[in-house]
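Everything on this sheet refers to the single structure shown next.
The values are calculated or read from the model by the stated rules, or taken from the named source; none is laboratory data. The model shown is predicted, which means the values in this text are computed figures rather than measured ones. Don't worry about glycine lacking a Cβ; one is built from the backbone with ideal geometry, like all the others, and counts go over all protein chains shown. The accessibility values were calculated without ligands, DNA or RNA, using every heavy atom of the protein model including side chains. Shrake-Rupley method; radii C 1.70, N 1.55, O 1.52, S 1.80 Å.
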Amino acid sequence: MNTDSQEERHVSALRLSEDRDGVGEAARRLRAGHLVSFPTETVYGLGADAGDGRAVAAVYDAKGRPSFNPLIVHVPSVEHAEDLVELDDAARAIAAAFWPGPLTLVLPKRAGAALSDLVTAGLDTVALRVPAHPLAQRLLREADRPIAAPSANPSGRISPTTADHVLDGLGDRIAAVLDGGPCEVGLESTILGWDGAGPVLLRPGGLPTEALAAALGQEPRVAGAADGVAAPGMLTSHYAPRARVRLDVSKPVDLSGFLGFGPGLDAPLNLSESGDLREAAANLFSHLRQLDGRVPGDGTISVAPIPEHGLGRAINDRLRRAAAPR
Ligand code: TXA
Ligand code: MG
């Protein structure tokens, strides 16, 4: 039986090899705004240009994620990290001890950092990682821009540790996968942040907590419900507008706080004039922020109806959180 045509129908992603041409092609595709999966020592990531809102929206779309969790941004070195976040002495010491490696640090975003608001889900912090995998290193340097990458699996499925896993789950939704063989660690990175009182373990992972505690000189506090973290790796807190938010508004009373979607609307800001949900997702957090700065504190942001399919589900999930009574 000839299964080739069937394969072609289901798997359109290119499998790129780890030679120079493969890495070059992967980098070119990332720079063009396409999705490219690549190996790290933890798991395969689903990579997108972190400065390109539409590419980042495509990541959520491809994974079928019903909500916008902030994504981890990958860079090749601590010097590259300094362009995006503020590292204090404590963060610098931990970065020096464990980067490159299976550790992600959540740090304050630097003003003017070239990151899409969708990557951080509108937060003022960025989760950053410097992976050690040689292929990830070569790709990040050649792409020459920060790369957002969650694990390269459909939402709700287990994380991929081979290129075949990636192709099985997402082969019809991504441009390419850079094949670097099986991942060594096989478990997502450990995520560490800081609050006013000290270090906080946000997700246990590939770097053992003992090693981290030894370098910190203390046990990190383990994040719980009070941090807006429902379960390890699941962040529930998000950027919340000051203004009240009303949903499914077709005819707003006050046009100045109207966030439109679709053509022919007299709205000061429109998530997507053409009704494109990827464009809408890419604009969501920055438009909310802009309107929030414009309407008075006791004012209201009214949002046009957003269709409840594809990325619309994640957009509506975020908007419902913003509209929930506080
Ligand atoms: O091993 C890994 O970390 C893999 C590989 C591909 O690098 N990546 C990965 O990424 O697991 P991702 O995007 O699925 O991880 C996202 C998690 C969120 O669920 C949240 O827990 C945390 O990272 N996170 C991201 N940004 C954050 C922020 N600003 N504050 C707190 N937590 C954040
Ligand atoms: Mg994952």
> Residue check, SER37 against (1) open to solvent by less than 10 Å² (accessible area, probe 1.4 Å); (2) part of a loop (DSSP other than H, G, I, E, B); (3) within 16 Å of ligand 2 (Cβ to nearest atom); (4) not β-branched (Val, Ile, Thr), all met but one. Which one?
Replying inline: (2)
> Of the residues that make up segment 85-94, is at least one under 16 Å from the mean Cα position of the chain (by Cα), more than 16 Å from ligand 2 (Cβ to nearest atom) and closer than 20 Å to SER189 by Cβ?
Replying inline: yes
> Of the residues VAL78, VAL59, which single one is in contact (Cβ under 8 Å) with a residue 40 or more places away in the chain and either over 24 Å from ARG138 (Cα atoms) or open to solvent by less than 10 Å² (accessible area, probe 1.4 Å) (or both)?
Replying inline: VAL59
> If you go through segment 113-140, how many residues are within 16 Å of ligand 2 (Cβ to nearest atom) and in contact with a His (Cβ under 9 Å, 6 or more places away or on another chain)?
Replying inline: 3
> Looking only at segment 280-309, which residues are under 21 Å from the mean Cα position of the chain (by Cα) and open to solvent by less than 10 Å² (accessible area, probe 1.4 Å)?
Replying inline: ALA280, ALA281, LEU284, PHE285, LEU288
> Restricting the search to segment 101-110, which residues are in a loop (DSSP other than H, G, I, E, B) and within 22 Å of GLU41 (Cα to Cα)?
Replying inline: GLY101, PRO102
> Can you tell which of ALA136, ALA163 is of a type in the set (A, V, I, L, M, F, W, C) and near ligand 1 (Cβ under 10 Å from one of its atoms)?
Replying inline: ALA136
>> Here's a check for you: in segment 99-115, which residue that is more than 22 Å from ALA240 (Cα to Cα) and among the aliphatic types (A, V, I, L, M) is farthest from the chain's Cα centre (by Cα)?
In response: LEU103
> Would you pick out the residues in segment 141-160 that are out of contact with any Pro (no Cβ under 7 Å at 6 or more places or on another chain), open to solvent by 10 Å² or more (accessible area, probe 1.4 Å) and away from ligand 1 (no atom under 14 Å from the Cβ)?
Replying inline: GLU142, ASP144, ARG145
> Does segment 244-251 include one or more residues that are acidic (Asp, Glu), under 23 Å from GLY64 (Cβ atoms), loosely packed, with under 13 Cβ neighbours inside 10 Å and at pLDDT 90 or above?
Replying inline: no
> Looking at this structure, is GLY206 in a helix (DSSP H, G or I) and within 16 Å of ligand 2 (Cβ to nearest atom)?
Replying inline: no
> Out of the residues in segment 190-200 that are in a strand (DSSP E or B) and over 19 Å from the mean Cα position of the chain (by Cα), which is nearest to ligand 1 (Cβ to nearest atom)?
Replying inline: VAL200
> Among the residues of segment 175-192, how many are within 15 Å of ligand 2 (Cβ to nearest atom), β-branched (Val, Ile, Thr) and open to solvent by less than 10 Å² (accessible area, probe 1.4 Å)?
Replying inline: 1
> Only one residue in ALA121, ALA132, ALA113 is part of a loop (DSSP other than H, G, I, E, B), hydrophobic (A, V, I, L, M, F, W, C), in contact with a Leu (Cβ under 6 Å, 6 or more places away or on another chain) and surrounded by fewer than 21 Cβ atoms within 10 Å (Cβ to Cβ). Which one?
Replying inline: ALA113
> Picking from LEU14, LEU35, LEU46, LEU71, which residue would you name as being over 21 Å from GLU188 (Cβ atoms) and in contact with a helix residue (DSSP H, G or I) (Cβ under 8 Å, 6 or more places away or on another chain)?
Replying inline: LEU14
> Taking segment 81-98, which residues are under 23 Å from ALA240 (Cα atoms) and open to solvent by 30 Å² or more (accessible area, probe 1.4 Å)?
Replying inline: GLU86
